[in-house]
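Peer 1: Please see the structure below; I have some questions.
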Amino acid sequence: MKENVEFLNYIYQNAQMGVIGINDIINAIDDENLSKKIEEQLADYEKIVEECLTIFKKYGKEKQDINPVAKMSSYMMSKMKLMKDSSSSAIAKMMIEGSNKGIIEITEKLNNYPKDDQEIVDLANKLLDIEQKNLDDLKEFL
(Lines give C-alpha, C1' and ligand atoms only; values in the text may rest on other atoms or scores of the structure.)
Protein backbone atom coordinates (compact mmCIF):
# COMPACT_ATOMS: atom_id res chain seq x y z
CA MET A 1 0.00 0.00 0.00
CA LYS A 2 2.85 2.39 0.78
CA GLU A 3 4.18 2.16 -2.79
CA ASN A 4 0.70 2.79 -4.17
CA VAL A 5 0.31 5.98 -2.16
CA GLU A 6 3.84 7.12 -3.07
CA PHE A 7 3.17 6.56 -6.78
CA LEU A 8 -0.20 8.29 -6.53
CA ASN A 9 1.47 11.23 -4.83
CA TYR A 10 4.05 11.38 -7.61
CA ILE A 11 1.23 11.53 -10.20
CA TYR A 12 -0.52 14.21 -8.15
CA GLN A 13 2.60 16.35 -7.83
CA ASN A 14 3.45 15.94 -11.52
CA ALA A 15 -0.01 17.13 -12.58
CA GLN A 16 0.04 19.88 -9.95
CA MET A 17 3.35 21.15 -11.36
CA GLY A 18 1.66 21.29 -14.77
CA VAL A 19 -1.09 23.44 -13.28
CA ILE A 20 1.42 25.68 -11.52
CA GLY A 21 3.65 25.99 -14.58
CA ILE A 22 0.75 26.96 -16.81
CA ASN A 23 -0.56 29.48 -14.30
CA ASP A 24 2.92 31.01 -14.21
CA ILE A 25 2.93 31.71 -17.96
CA ILE A 26 -0.68 31.89 -19.13
CA ASN A 27 -0.91 35.69 -18.94
CA ALA A 28 2.16 36.11 -21.13
CA ILE A 29 0.57 34.33 -24.11
CA ASP A 30 -0.51 36.63 -26.93
CA ASP A 31 -1.30 34.00 -29.56
CA GLU A 32 -4.97 33.02 -29.29
CA ASN A 33 -4.38 29.53 -30.72
CA LEU A 34 -1.52 28.83 -28.33
CA SER A 35 -3.57 30.18 -25.44
CA LYS A 36 -6.40 27.79 -26.32
CA LYS A 37 -4.01 24.79 -26.40
CA ILE A 38 -2.49 25.77 -23.06
CA GLU A 39 -5.93 26.20 -21.47
CA GLU A 40 -6.87 22.70 -22.69
CA GLN A 41 -3.68 21.37 -21.09
CA LEU A 42 -4.54 23.13 -17.85
CA ALA A 43 -7.97 21.47 -17.80
CA ASP A 44 -6.35 18.06 -18.41
CA TYR A 45 -3.91 18.52 -15.53
CA GLU A 46 -6.71 19.69 -13.24
CA LYS A 47 -8.71 16.54 -14.06
CA ILE A 48 -5.72 14.37 -13.12
CA VAL A 49 -5.36 16.28 -9.84
CA GLU A 50 -9.04 15.69 -9.05
CA GLU A 51 -8.78 11.98 -9.89
CA CYS A 52 -5.76 11.71 -7.59
CA LEU A 53 -7.67 13.33 -4.74
CA THR A 54 -10.48 10.82 -5.19
CA ILE A 55 -8.06 7.90 -4.99
CA PHE A 56 -6.33 9.39 -1.94
CA LYS A 57 -9.73 9.35 -0.19
CA LYS A 58 -10.15 5.65 -1.03
CA TYR A 59 -6.82 4.96 0.66
CA GLY A 60 -7.66 7.22 3.58
CA LYS A 61 -4.44 9.15 2.95
CA GLU A 62 -3.59 12.79 2.42
CA LYS A 63 -1.74 14.19 -0.57
CA GLN A 64 1.71 15.65 -0.11
CA ASP A 65 1.91 19.09 -1.63
CA ILE A 66 4.82 20.23 -3.72
CA ASN A 67 7.68 21.74 -1.80
CA PRO A 68 7.22 25.55 -1.67
CA VAL A 69 10.85 26.00 -2.75
CA ALA A 70 10.18 23.94 -5.89
CA LYS A 71 7.10 26.07 -6.62
CA MET A 72 9.06 29.27 -6.21
CA SER A 73 11.93 27.95 -8.30
CA SER A 74 9.52 27.05 -11.11
CA TYR A 75 7.93 30.48 -10.93
CA MET A 76 11.26 32.32 -10.98
CA MET A 77 12.59 30.20 -13.84
CA SER A 78 9.46 30.82 -15.91
CA LYS A 79 9.56 34.56 -15.29
CA MET A 80 13.25 34.78 -16.17
CA LYS A 81 12.70 32.86 -19.41
CA LEU A 82 9.72 35.05 -20.29
CA MET A 83 11.73 38.21 -19.65
CA LYS A 84 14.30 36.96 -22.12
CA ASP A 85 11.78 35.82 -24.76
CA SER A 86 8.00 35.75 -24.46
CA SER A 87 7.27 34.75 -28.05
CA SER A 88 4.84 31.94 -28.78
CA SER A 89 7.76 29.81 -29.90
CA ALA A 90 9.63 30.34 -26.63
CA ILE A 91 6.54 29.57 -24.56
CA ALA A 92 5.84 26.44 -26.61
CA LYS A 93 9.44 25.36 -26.12
CA MET A 94 9.19 25.79 -22.33
CA MET A 95 6.00 23.76 -22.24
CA ILE A 96 7.44 21.05 -24.50
CA GLU A 97 10.48 20.77 -22.25
CA GLY A 98 8.19 20.33 -19.24
CA SER A 99 6.11 17.68 -20.99
CA ASN A 100 9.21 15.86 -22.19
CA LYS A 101 10.55 15.77 -18.63
CA GLY A 102 7.17 14.47 -17.48
CA ILE A 103 7.18 11.72 -20.12
CA ILE A 104 10.61 10.54 -19.04
CA GLU A 105 9.77 10.57 -15.33
CA ILE A 106 6.35 8.92 -15.66
CA THR A 107 7.74 6.21 -17.91
CA GLU A 108 10.54 5.50 -15.44
CA LYS A 109 8.07 5.36 -12.54
CA LEU A 110 5.71 3.06 -14.46
CA ASN A 111 8.56 0.72 -15.30
CA ASN A 112 9.52 0.46 -11.63
CA TYR A 113 6.06 0.48 -10.03
CA PRO A 114 4.86 -2.95 -8.84
CA LYS A 115 1.44 -2.33 -10.45
CA ASP A 116 -0.56 -3.37 -7.39
CA ASP A 117 -3.37 -0.92 -8.07
CA GLN A 118 -4.61 -0.87 -11.67
CA GLU A 119 -6.52 2.37 -11.06
CA ILE A 120 -3.25 4.15 -10.25
CA VAL A 121 -1.48 2.54 -13.23
CA ASP A 122 -4.31 3.68 -15.50
CA LEU A 123 -4.10 7.20 -14.10
CA ALA A 124 -0.33 7.28 -14.68
CA ASN A 125 -0.86 6.11 -18.25
CA LYS A 126 -3.53 8.77 -18.71
CA LEU A 127 -1.07 11.42 -17.54
CA LEU A 128 1.59 9.98 -19.85
CA ASP A 129 -0.85 10.24 -22.79
CA ILE A 130 -1.66 13.84 -21.84
CA GLU A 131 2.04 14.75 -21.72
CA GLN A 132 2.63 13.18 -25.15
CA LYS A 133 -0.41 14.96 -26.61
CA ASN A 134 0.79 18.26 -25.14
CA LEU A 135 4.21 17.80 -26.68
CA ASP A 136 2.72 16.95 -30.09
CA ASP A 137 0.18 19.79 -30.00
CA LEU A 138 2.80 22.43 -29.24
CA LYS A 139 5.26 21.50 -31.99
CA GLU A 140 3.36 23.66 -34.47
CA PHE A 141 4.17 26.76 -32.40
CA LEU A 142 7.96 26.31 -32.55
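The values are calculated or read from the model by the stated rules, or taken from the named source; none is laboratory data. All of these numbers come straight from a predicted model, not from anything done at the bench. Every residue, glycine among them, receives a Cβ derived from its backbone with ideal geometry; neighbour counts consider all protein chains shown. Surface areas here come from the heavy atoms of the whole protein model, side chains and all, with no ligands, DNA or RNA. Shrake-Rupley method; radii C 1.70, N 1.55, O 1.52, S 1.80 Å.
Peer 1: Please say if the stretch 69-142 is rounded, prolate or oblate, where rounded means a/c under 1.5 for a ≥ b ≥ c the square roots of the C-alpha gyration tensor eigenvalues, and otherwise the choice is prolate for a/b larger than b/c and oblate otherwise? Display every interim value, and only then the final one.
Peer 2: Details: a/c = 3.61, a/b = 1.83, b/c = 1.98.
Because a/c hits 1.5 or more and a/b fails to exceed b/c, the stretch 69-142 counts as oblate.
Peer 1: How many Å³ per residue does the convex hull of the Cα positions in the stretch 1-77 occupy? Walk me through the numbers before you get to the answer.
Peer 2: Details: hull volume 6.2 nm³, N = 77.
It comes to 81 Å³ per residue, whole-number rounded.
Peer 1: Got a sec? What order do K61, K47 fall in by accessible area at 1.4 Å, biggest, i.e. largest, first? Walk me through the numbers before you get to the answer.
Peer 2: Numbers: K61 90, K47 115 Å².
Descending accessible area places them as K47, K61.
Peer 1: Then there is this: Taking a 1.4 Å probe, which of Y10, Y45 shows the most accessible area, and what order do the others take after it?
Peer 2: Y10, Y45
Peer 1: Shifting gears a bit: Between E6 and E105, what is the label-point separation in nm under the 7 Å Cα-to-beta-carbon projection?
Peer 2: 1.6
Peer 1: How big is the chain by the Kirkwood estimate over distinct Cα pairs, in Å?
Peer 2: Numbers: mean 1/r = 0.0642 Å⁻¹.
Across the chain, the inverse of the average 1/r is 15.6 Å.
Peer 1: Another question about this same structure. I'd like the distance separating the alpha-carbon centroids of the stretch 73-112 and the stretch 1-19, in whole Å.
Peer 2: A separation of 18 Å, based on Cα centres.
Peer 1: Accessible surface of E51 in the full protein assembly, 1.4 angstrom probe, to the nearest 10 Å²?
Peer 2: 60
Peer 1: Express in Å², to the nearest 10, the accessible area of T107 obtained by rolling a 1.4 Å probe over the protein heavy atoms while all chains stay in place.
Peer 2: 50
Peer 1: Probe of 1.4 angstrom, ligands and nucleic acids ignored: what's the accessible area per residue over the stretch 67-119, in square angstrom?
Peer 2: On the way: 3550 Å² over 53 residues.
Result: 67 Å² of accessible area for each residue.
Peer 1: Compute from the Cα atoms of the stretch 12-53 the Rg and the Dmax, the latter being the longest Cα-Cα distance, and quote both in angstrom.
Peer 2: 10.6, 33
Peer 1: Full extension from D116 to E40: what is 0.36 nm times the residue separation minus their Cα-Cα distance, to one decimal in nm?
Peer 2: 24.3 nm
Peer 1: To the nearest 10 square angstrom, how much accessible area does D137 have with a 1.4 angstrom probe?
Peer 2: Here the residue's solvent-accessible area equals roughly 30 Å².
Peer 1: Which value at 222 nm does the chain reach when only helices count, each DSSP H run of 4 or more adding -39,500 (n - 2.57), with the total divided by all residues and rounded to the nearest 500 deg cm²/dmol?
Peer 2: Working: 5 runs with 115 residues, N = 142.
The helix-only estimate for the chain comes to -28500 deg cm²/dmol at 222 nm.
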